[in-house]
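Before any comments, here is the structure.
The values are calculated or read from the model by the stated rules, or taken from the named source; none is laboratory data. Note that this is a predicted model, so its numbers are computed, not measured. Here the Cβ positions follow ideal geometry from the backbone for every residue, glycine too, while neighbour counts run over all protein chains shown.
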Amino acid sequence: MDIASILRDFAFSKYESSCYLALLAKHPSNGSQLSMLSGIARSRIYDVLRGLAKKKLVFEIEKGLYVPLPFEELKKRLRSQFDSNLKILDDQLDAMVEQSGFEYLFTLNGVDEVITKAMDIINSATQELYLRLFPETWKRLRKSIDMAIHRGVVIRFISMGTMASVYDIQVYHPDVEHLKNRLGGESIDIIADKSEAIAGIFETDNVNRSPFIWTRNHWFVIANRDSLRHDFYHYFLDKLYERGESLSARDKQIYAFIKADD
């Protein structure tokens, strides 16, 4: 998207955005110069300048000679207007929308949409995050996870593949390759603050159309959180009974934490 198109999203007309950008690039300028720079007909340019002057986006410093509102000032004004309008919208919609105790399940598709929402959920977390991720997905989300840790969010992490031990509460899922084949791809499960979840599978041959569920539905969130808690127990049982190994001191600490983490 070009700059002129972005400005049109902020209530600039097509001609106003072209004229302002031309003046920003070369100022002071007169109408004839701006007509050539912007591609706006000379018969139209002065009407455009009068409109911009009325909005205090350009200023006539001498007769027929114009300068733009500095871009930094424009940014401040647009940000202030946006925040003010958003607050009005928020207040009025809260009053209009019927309150409901039911939260819907929304379908997301495509890597970019899913990863963006996953980052949004992680960035909004304030207390806890349950994460069950394959290593490549974890790498894409690691910065957001690290920021959550700095905010005091406690991470419960299940690795769906080989990776270093990064978090205090972390295990790996047993027999991942078999599970990946059975699932038909790489899954993502993220549960934040017992209140929001995203879950689904990037199907191997259908990555960009694979459906994911995002929701704040209480029962969906709690059921998926419990599913991830049970994967910690799966790790402990596999280590004890399938591999015949003893739990380490760290394992025992994680077990005690998860057991108490209702």
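Looking at R132, R156, R142, R151 in this structure, which one is of a type in the set (D, E, K, R), closer than 28 Å to A249 by Cα and within 15 Å of the chain's Cα centre (by Cα)?
Sole residue among the options that is of a type in the set (D, E, K, R), closer than 28 Å to A249 by Cα and within 15 Å of the chain's Cα centre (by Cα): R142.
Quick one: what pairs do we get from the stretch 166-178, first residue surrounded by 14 or more Cβ atoms within 10 Å (Cβ to Cβ), second assigned to a loop (DSSP other than H, G, I, E, B) and not basic (K, R), C-beta under 6 Å, 6+ apart or different chains?
H173/M160; V176/M160; V176/G161
Quick one: S165 ticks every box in (1) closer than 22 Å to D120 by Cα; (2) modelled with pLDDT of 90 or more bar one, so which box is it?
It is condition (1) that S165 fails.
Those residues that are among the basic types (K, R) and either closer than 17 Å to G161 by Cβ or assigned to a helix (DSSP H, G or I) (or both), I need them from the stretch 214-238; list them, please. Please lay out each step first, then the result.
To start, the set of residues in the stretch 214-238 that are among the basic types (K, R) comprises 216, 225, 229.
R225, R229, listed by residue number.
Need a quick list: strands (runs of 3 or more DSSP E) entirely within the stretch 54-124 having at least 2 residues that are more than 22 Å from Y15 (Cα to Cα).
105-109
Could you identify the single residue in D175, D193 that is on the phi > 0 side of the Ramachandran plot, modelled with pLDDT under 95 and among the charged types (D, E, K, R)?
D175 is the lone residue from the list that is on the phi > 0 side of the Ramachandran plot, modelled with pLDDT under 95 and among the charged types (D, E, K, R).
Of the residues that make up the stretch 167-176, is at least one under 25 Å from L247 (Cα atoms) and assigned to a helix (DSSP H, G or I)? It would help to see each step written out before you state the result.
Just the residues of the stretch 167-176 that are under 25 Å from L247 (Cα atoms), to begin with: 167-176.
Filter again for assigned to a helix (DSSP H, G or I), leaving 176.
Yes: one or more hits.
Of these, D251, D226, D189, D261, which one is acidic (D, E), under 12 Å from Y130 (Cα atoms) and surrounded by 17 or more Cβ atoms within 10 Å (Cβ to Cβ)? Let's see the steps before the verdict.
Details: D251 fails: under 12 Å from Y130 (Cα atoms); D226 fails: surrounded by 17 or more Cβ atoms within 10 Å (Cβ to Cβ); D261 fails: surrounded by 17 or more Cβ atoms within 10 Å (Cβ to Cβ).
Unique residue meeting the criteria: D189.
So, R79, is that one outside the structural domain of I213 (by TED's automatic domain parsing), closer than 30 Å to I198 by Cβ, among the basic types (K, R) and out of contact with any strand residue (DSSP E or B) (no Cβ under 9 Å at 6 or more places or on another chain) or not?
The answer is yes for R79.
Identify, from the list L141, L183, L129, the residue that is surrounded by 14 or more Cβ atoms within 10 Å (Cβ to Cβ) and within 20 Å of F257 (Cβ to Cβ).
Numbers: L141 fails: within 20 Å of F257 (Cβ to Cβ); L183 fails: within 20 Å of F257 (Cβ to Cβ).
Of the residues listed, the single one that is surrounded by 14 or more Cβ atoms within 10 Å (Cβ to Cβ) and within 20 Å of F257 (Cβ to Cβ) is L129.
I need a count of the residues in the stretch 132-165 that are within 23 Å of K194 (Cβ to Cβ), hydrophobic (A, V, I, L, M, F, W, C) and in a loop (DSSP other than H, G, I, E, B).
So the answer is 2.
Mind listing whichever residues of the stretch 80-111 are farther than 30 Å from N206 by Cβ, hydrophobic (A, V, I, L, M, F, W, C) and at pLDDT 80 or above?
F82, L86, I88, L89
I'd like the full set of residues that are in a loop (DSSP other than H, G, I, E, B) and either surrounded by fewer than 20 Cβ atoms within 10 Å (Cβ to Cβ) or not assigned by TED's automatic domain parsing to the domain that holds D238 (or both), limited to the stretch 196-213.
T204, D205, N206
Could you list, in sequence order, all residues of the stretch 198-223 that are in contact (Cβ under 8 Å) with a residue 40 or more places away in the chain and within 19 Å of V154 (Cβ to Cβ)?
I198
Consider the stretch 114-129. How many of its residues are farther than 13 Å from L141 by Cα and either in contact with a strand residue (DSSP E or B) (Cβ under 8 Å, 6 or more places away or on another chain) or of a type in the set (A, V, I, L, M, F, W, C) (or both)?
4
Determine, yes or no, whether E62 is loosely packed, with under 12 Cβ neighbours inside 10 Å and of a type outside the set (V, I, T).
Spelling it out, E62 is indeed loosely packed, with under 12 Cβ neighbours inside 10 Å and of a type outside the set (V, I, T).
Tell me which of these V153 doesn't satisfy, since it passes every other one: (1) crowded, with 20+ Cβ neighbours inside 10 Å; (2) under 23 Å from A125 (Cα atoms).
(1)
Cβ-Cβ under 8 Å, sequence separation 6+ or interchain: first residue in the stretch 1-29 and assigned by TED's automatic domain parsing to the domain that holds A41, partner modelled with pLDDT under 70 and of a type in the set (V, I, T). Which pairs?
Hits for this filter: S17/I3; L21/I3.
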